[in-house]
Amino acid sequence: MKLLSLFIFLLIFSNIIEARSITDDFGRVVTVPDKITKIYSVSPPITISVTAFDPSLVAALNFPFKEDQKPYVGVAASKPVAGGYFGQGQTPNFENIAAIKPDVILMWGKSTGAENELKKLSMLGIPVLMVHNESINDLVGQFELLGKLTGNTKRASELMHYTKETLGLIQSLQAKVNARKDVRYYFAESLDGFASECDGSFHLEPFTYSGAKNALNCKMSSNYGMEKISMETILLADPDVIVAMEGAFASSVKSNPQWQSLRAVKTGHVLTVPTVPFNYISRPPSLMRLMGIRWLIHSFYPDLIKPIDQEEKRFIKLFFPQYKH
């Protein structure tokens, strides 16, 4: 009996020694394991941050990676799918999460319904850390946190440095961008082109940094975005540039009578957002926005920033080193 009691005491004591406290972005002090090798994020943008930091850390995915994404994400491509919270009623598979047993769970602290999500996740008995992802600036904190959790501060510093470099580049270009004639864009998000974002949507943050102006004058109905826009509204807005999320839509507007009268179509200023390895602008709003900002500035004001082909190679080499060119 004494030996059993001693064993239980040593077990509890060892668990205390092997645990530590981490303060998350919302000031919550959370006890986490001393050694962390498996991280599950309930939001795709943060899952992408973990993947870029170290694919082997990914405990589970929110959804399967597409075939053209798999070469970039290494071993993360083979991880099980546990779902997550990313709008339109999506929820995680709690049984899968419990079976996978991640060392820690990361969640977007300001996502819609975050308080209820936290309560449900906490019932799993796995430490939950709430992080910011409302702005590109929040990437610095995400990488810093991953460095603290894993002890790989060298990798954290590399990714933080590039993020800060990009933010500094944006700041250095602002005066020049502001001095230019406004470029008015229409952000076409759907296959038919009739879904977009209103000012105030965080999905437009890369555009905000690019210096261009939203041609739409509308109000957000939800944080999810994808507002329904009529053809009449688009015709009245008559944007200088159309930035399309779907390549099929971008290809179709030139021969579509509804769109042919727009100045953007007449002048050939219809752009398709790059999507490999992930979307440069949003859906999800991930670290790819660091490239998205550069791509937009070059697209709107070609003389202000050098062609980004070499920058893309540098970016991929840093954030997705497992990709073989």
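The values are calculated or read from the model by the stated rules, or taken from the named source; none is laboratory data. Worth saying up front: this structure is predicted, and the values here are computed from it rather than measured. Here the Cβ positions follow ideal geometry from the backbone for every residue, glycine too, while neighbour counts run over all protein chains shown. The accessibility values were calculated without ligands, DNA or RNA, using every heavy atom of the protein model including side chains. Shrake-Rupley method; radii C 1.70, N 1.55, O 1.52, S 1.80 Å.
Computed from the alpha carbon atoms alone, the convex hull of segment 121-211 holds 148 Å³ per residue.
In straight-distance terms, cross-link reach from K66 covers every one of the aspartates and glutamates whose alpha-carbon lies under 18 Å from its own, apart from those fewer than eight places away in the same chain; here that gives E246.
Here segment 71-224 is treated as a Stokes sphere of Kirkwood radius computed over C-alpha pairs; at 20 °C and 1.002 mPa s its diffusion coefficient rounds to 115 µm²/s. Setting aside same-chain residues fewer than 8 positions from K266, which lysines have a Cα under 18 Å from its Cα? Leaving aside lysines fewer than 8 places away in the same chain, those within reach of K266 are K254.
Summing charges over neighbours of N133, with a neighbour being any other residue whose Cβ is under 10 Å away from its Cβ, gives -2 when K and R count +1 and D and E count -1. Share of carbon and sulfur in the accessible area of the chain stands at 56%, probe radius 1.4 Å. Taking all protein chains into account, the per residue accessible area for the chain stands at 49 Å² (1.4 Å probe). The mean of 1/r over all distinct Cα pairs in the chain, once inverted, gives the Kirkwood hydrodynamic radius of 21.4 Å.
Suppose we look only past 16 Å in the calculated P(r) of segment 264-320. What percent of the Cα-Cα pairs does that tail hold? Above the 16 Å cut-off, segment 264-320 has 45 percent of its Cα pairs. Counted by Cβ distance under 15 Å from T233, the other residues give a net charge of -4, where Lys and Arg count +1 and Asp and Glu count -1. For the chain, the Cβ-based charge dipole about the Cα centre amounts to some 560 debye (Lys, Arg positive; Asp, Glu negative; other atoms uncharged). Going Cα to Cα from K154, which aspartates and glutamates come in below 16 Å? Please leave out same-chain ones fewer than 8 positions away. Qualifying aspartates and glutamates at Cα under 16 Å: D54, E144. Counting Cα-Cα pairs of segment 177-325 in 5 Å increments starting at 0 gives whole-percent bin shares of 2, 9, 19, 23, 20, 15, 8, 3, 1, 0. Summing Cβ point charges (Lys, Arg +1; Asp, Glu -1) relative to the Cα centre of segment 84-184 gives a dipole of roughly 360 debye.
Net charge within 15 Å of M107 by Cβ-Cβ distance, Lys/Arg positive one each and Asp/Glu negative one each, not counting M107 itself?
Numbers: positive: R28, K110, K119, K120; negative: D24, D25, D103, E115, E117, E134, D138.
With Lys, Arg at +1 and Asp, Glu at -1, the neighbours total -3.
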